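Shown next, in C-alpha cells, is the structure this report addresses.
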Amino acid sequence: MNPSRGGAPGAPAHDALASLESEITDHVFELQPTYAVMLGLHRYDGRVPLAGREATDGWAATADRLLARLREVPEERLPGPRAIDRVLLELLLQSQLFDLRESREYDRNPMGYLGAVSLTSYMVRDYAPLPHRVDAMVRVLEATPRLLREARSRLDRILPEPFLRLSQAIGTGLPAHFAEAEGLAGRSSAALGERVREARGPAESSVHEFLRALKEEYGPRASPEFALGAERYQRLLWVREGIRTPFSEIEAAGWKDLRRNQARLAEVAARARPEPTVPALLESMYRDHPSADRLVPEAREFVEESRRFVLDRSLATVPPTADCRVDETPVYGRALSTASMNPPGPFDDSGEEGVYFVTPVDPAWTPERREEWLRSLNRPMLRNITIHEVYPGHYLQFLHFRMHPNSTTRRISLSASFTEGWAHYCEQLAIEQGLGGGEPTAEAAQLHDALLRDCRLLSSVGLHTGGMSLAGSAQLFQKEAYLEPLPSEREAIRGAFNPEYFCYTLGKLAILEARAKHLGTTFGGSVKGFHDRLLSLGCPPVGLLDTLLSGGSGGGPAAA
C-alpha cells in the first residue's frame, strides 16, 4: 500500500477511489500502527500510536480533508463492490475521528496508552527472524516513556474511576510482560537479551511513574461519570457498524433474545437429573472442571474435537493448512482475558498458525480463588469457548479472511459485531448441529454464555444512555445471567469503558436474520454454502450485511 496523491482530472471514479484508498489506509495506520501490525503489515513494526495533542489534531485535520475528497467520488460511477469500499473508507475515518473528538478516548482513558506498548505481536508469531522482532520490541520499549509523558500531558484532570481501576490492573502486568520479552530474546543470544534488558529499565520506570500518578494524583479526584450519552451512543453504532437503527430498538431485541435463552435454559434444566432446576444444572456444570495442570491440555483436546466436528457436519470449509496451537495467556493479558485467539492477520505471510490463549490458574492464588477460576472454565464451558475462539469461530474466520482476494479496504475493515457476532453465532450453531450429544450441560454452557452476551448488550445501553449505575449493571448480570457477584462486577466495569461489548449479541442476531432470509432462497439450504459466503465477505459492519449477501452495491446503511 504505497500512498499516491489523488487521481488526474477526469480520471475514472474507481481510479480516484484507488488513490484515496491508499492514502486513507496509510493515514489510519499513522494513528494506529499497532492495528497495522496485528493485520500483518510489518512495516509498522516498532511504532507506537500518535499521542500528543498537536499530532492528533494534525491527524484529524488531514482526515477531514480526506473525507471531503472521498465524498466527491461519485458513488453511481463505482462498480458495486467498490461502492461498498467507499462506505467502508468513510466509516474508517469517521470511527477514528469519533474516538478523538466525540468519545475523547485519548483524553479520558489511560488504558489505551498502556495497551499500546504490548509486545505480544512480536513474541507469539515467527513472522520474521528474531533479531528483527527484537528490534521492533526495543523500539516500542524506547518509545514508552515518551508515549506515557504525552498521555499525562493530555489526560483530563478528572478521569472516570473504572478507567483508573482497570489501568492499574493492566499496567501492573507490564513489567512481567517486558521480562518475558527479554527471556525470549535471551534464549536466542545474550546480546539480544541485553538489548531488551537495557530498554526495559526506562520503560518500566515510566510505567511505574504513570501508575503512581494515576493512583495518587488522579485517584483522589476520580469521577463515577463515564457514560457516552444517548447522542454519542447512537453515533457509535453508525461509525462502527453502519447502523442507523435507534438503540432503543436494539435494546428491545436484546431483551427478546434474553427471554428466549432463559426459557430454553429452563427447558433444558427440566430434563436434567437428579434435580431439574437451572441452579442445579449450572452447579453440575461448574463441578465438571479440569485440574489446574490439565486446563491447557484439555483445551488442546477440544481444539481437535471442534475441528473434526466442523468437518464431519460440513459446516464450513477448513483449509488443509489450518494449524492452531494452545498456549497459556501471557501474564500481561490475564487481567482482562479468560481465553482469546491470536490469528494470523490478513496480510501476514508467516503461515496459517493461530494461537489460542487460555488463562491458567495463578500459583499465588488462594485455594478458594483457584477453585473459583477452574469452575468458570469447566469442561462444557471450555468446549463452548473453543468453538468461539477456534473452530468454527475466530480462527477459522480469519483463515477465510486470508483466503479471499478482497480489496485493501475490505481487508482492513474489522467490525467487532461481525467478528464477535460470528464466533457467538457459532456457539449456537454447534448446539443446533449436535455438539455434546444432547448432554444438558453442553447446551447449558452455550445458553449461559448467550445470557451473558445478552446482558452485555443491555448493560451497554443502560450504562451509556439510561443512567444505569455499575451496581445496577452488576445486579443485571446476577439476576438475568446467573453470574456470581465477582464476575458480575467485572462485567459492569468492562461495560463502563467498552460500550461496544454489545457486539456479541448484535452481530449474532444480524447473522441469524441473514440466515433466515438467505439460506433457502440464495443458498438452496446449504449451511456450508451460506457460511463460506458469509466468511468470504471479510469482517464488514453488520449494517451492510444484507446488502452484501444480496449482491447489491448498497452504499446506504441498514438495520442490524
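The values are calculated or read from the model by the stated rules, or taken from the named source; none is laboratory data. What you see is a predicted model, and the numbers here were worked out from it, not measured in a lab. Please note: Cβ atoms are built from the backbone with ideal geometry, for glycine as well, and neighbour counts cover all protein chains shown.
Given the residues Ala136, Ala128, which is the only one that is under 25 Å from Pro344 (Cβ atoms), at pLDDT below 95 and not hydroxyl-bearing (Ser, Thr, Tyr)?
The unique qualifying residue is Ala128.
One residue alone among Arg133, Arg146 is closer than 26 Å to Asp327 by Cα and in a helix (DSSP H, G or I), and that residue is Arg133. Residue count for the stretch 181-203 satisfying the condition of being under 26 Å from Arg165 (Cα atoms) and surrounded by 17 or more Cβ atoms within 10 Å (Cβ to Cβ): 3. Test of understanding: among Arg69, Arg53, Arg65, Arg47, which residue is modelled with pLDDT of 95 or more and in contact with a Pro (Cβ under 8 Å, 6 or more places away or on another chain)? Being modelled with pLDDT of 95 or more and in contact with a Pro (Cβ under 8 Å, 6 or more places away or on another chain) holds for just one of Arg69, Arg53, Arg65, Arg47, which is Arg47.
If we scan the stretch 297-312, do we find a residue that is closer than 19 Å to Leu447 by Cα and surrounded by 13 or more Cβ atoms within 10 Å (Cβ to Cβ)?
Taking every residue of the stretch 297-312 in turn, at least one turns out to be closer than 19 Å to Leu447 by Cα and surrounded by 13 or more Cβ atoms within 10 Å (Cβ to Cβ).
In summary, Ser103 fulfils each of the numbered conditions (1) of a type in the set (Gly, Ala, Ser); (2) within 24 Å of the chain's Cα centre (by Cα); (3) more than 28 Å from Thr120 (Cβ to Cβ) with the single exception of condition (3).
Just to be sure before I move on: is Pro485 free of Cβ contacts under 8 Å to residues at least 12 places away in the same chain and closer than 30 Å to Ala280 by Cβ in the structure I sent? Yes, satisfied. Return the residues of the stretch 345-375 that are out of contact with any helix residue (DSSP H, G or I) (no Cβ under 7 Å at 6 or more places or on another chain) and of a type in the set (Gly, Ala, Ser); say none if nothing qualifies. Residues satisfying the conditions are Ser350, Gly351, Ala364. Selection of the stretch 164-212 for residues being within 25 Å of Asn498 (Cβ to Cβ) and of a type in the set (A, V, I, L, M) yields Leu164, Leu166, Ala169, Ile170, Leu174, Ala176, Val207, Leu211.
Quick grid of which residues meet (1) in the same structural domain as Arg494 (by TED's automatic domain parsing); (2) surrounded by fewer than 21 Cβ atoms within 10 Å (Cβ to Cβ); (3) assigned to a strand (DSSP E or B):
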position	(1), (2), (3)
Ser337	yes, yes, no
Ser340	yes, yes, yes
Pro344	yes, no, no
Phe347	yes, yes, no
Gly354	yes, no, yes
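The condition (being assigned to a helix (DSSP H, G or I), under 24 Å from the mean Cα position of the chain (by Cα) and of a type in the set (Gly, Ala, Ser)) is satisfied by just one residue among Ala181, Ala185, Ala191: Ala181. When we screen Asp293, Asp288 for residues that are closer than 28 Å to Thr172 by Cβ and surrounded by fewer than 17 Cβ atoms within 10 Å (Cβ to Cβ), the only hit is Asp293.
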